[in-house]
Each structure stands twice: as structure tokens, then as C-alpha cells.
């Protein structure tokens, strides 16, 4: 990554400047529209049964929740936040001055709120479960053996692994 910025091309500079310029006008432009990780979070958000819900009867329409939202979602107008941009950061819930007006909840008429600690524990549990399942089924490992790792590690400073400015390196029969 260092070499990308150390020997940056003029095209890359223009792309970075354009992204910075657009980000000044559109908040979090890269994160909201171009970042692959943001897209993955968006899909996870849409698939999640837990959503930020608002009780319209107790809401005082102060808009503090919308102002606190890093994704600029209009939380104060939605009964249930159904957006791929919602990261479930809970900032809107934290700033709401009326207790139990905003909460993370399951769908349904009852809408029992899920505490922040329970939501965090659930997310961590899902991560550990998926990672553990991948390890148990052998999908966490790759086909490179220890000897190959050691060989590659010892040669990290060789020209073979250096930035080649778009050229494909020539590999020998024993590489």
C-alpha cells in the first residue's frame, strides 16, 4: 500500500482529488456509494430482522436522531428504518431525548426493544459461529503448506514481490 502512494500516478491523484471533492459535497460519498465493504454492510442491514423502530406516539419530532445519523437517514420520519445505509450504530437511539421512542426491535406489533448490549453480543456471536463453522468444515484453511509460506516470507523483500508499475513479473519454473 505504501508503494501505491509513494509512486502515485497522475491519474490516481486526479481520482483521489475527485473523490475528496465529491465527498465535500456528498457526505461519506466513498463509504455510501463505492466502498465494497459498505455494500456488504448494506446487504447485511437489509437482511437483518432487527431494525431501528420509532414510536410515533411518543416522538417529539426534534430531529436529533436524523442529525446524529452518520448515513443521513431521516430517522425522525420513519416508523421503521429500512435502509441499506443503516449500520445499526445506534447513535440515533442514544441521542433521542424521549426514552423508548427509538429502539432496535424485531418486526411485529409488539416491537419489544433489543438492548444495545444484546445486539452487540448477537453480532459477535454470529461472527464467531460463522468463523467457527468455517474452521470446523475446513474452509478456513488454504492449500499452501508451511514450507511454501516460509519460502515466500523469506523472499518478501525480493523484486518478485515489489510494485511493478503495471507490469506482470516474470516468474521462473521454481517460483
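The values are calculated or read from the model by the stated rules, or taken from the named source; none is laboratory data. From a predicted model like this one, the values you see are computed outputs, not experimental measurements. Cβ: placed from backbone, ideal geometry, glycine included. Neighbour counts: every protein chain shown.
So here's what we get for this one:
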quantity: Selected residue (only one of 71, 10, 23 is more than 18 Å from residue 90 (Cβ to Cβ) and touching a helix residue (DSSP H, G or I) at 6+ places or on another chain (Cβ under 8 Å)); calculated: 23
quantity: Elements of type helices (runs of 4 or more DSSP H) in the stretch 35-102, at least 3 residues being at pLDDT 90 or above and closer than 16 Å to residue 113 by Cβ; calculated: 91-95
quantity: Qualifying position, being under 20 Å from residue 47 (Cα atoms) and in a loop (DSSP other than H, G, I, E, B), among 108, 120; calculated: 108
quantity: From 138, 108, residue being in the same structural domain as residue 48 (by TED's automatic domain parsing) and over 21 Å from the mean Cα position of the chain (by Cα); calculated: 108
quantity: Filter pass, residue 60 being under 15 Å from residue 95 (Cα atoms), assigned by TED's automatic domain parsing to the domain that holds residue 106, in contact (Cβ under 8 Å) with a residue 24 or more places away in the chain and surrounded by 12 or more Cβ atoms within 10 Å (Cβ to Cβ); calculated: no
quantity: Odd one out for residue 106, checked against (1) at pLDDT below 90; (2) touching a helix residue (DSSP H, G or I) at 6+ places or on another chain (Cβ under 9 Å); calculated: (2)
quantity: Single match in 86, 31, 96 (criterion: in contact with a helix residue (DSSP H, G or I) (Cβ under 6 Å, 6 or more places away or on another chain) and touching a residue at least 40 places away in the same chain (Cβ under 8 Å)); calculated: 86
quantity: Residues located in the stretch 1-25, provided they are surrounded by 12 or more Cβ atoms within 10 Å (Cβ to Cβ) and under 22 Å from residue 71 (Cβ atoms); calculated: 19, 22, 23
quantity: Matching residues in the stretch 129-175 - criterion: being farther than 30 Å from residue 10 by Cα and modelled with pLDDT under 80; calculated: 172, 173, 174, 175
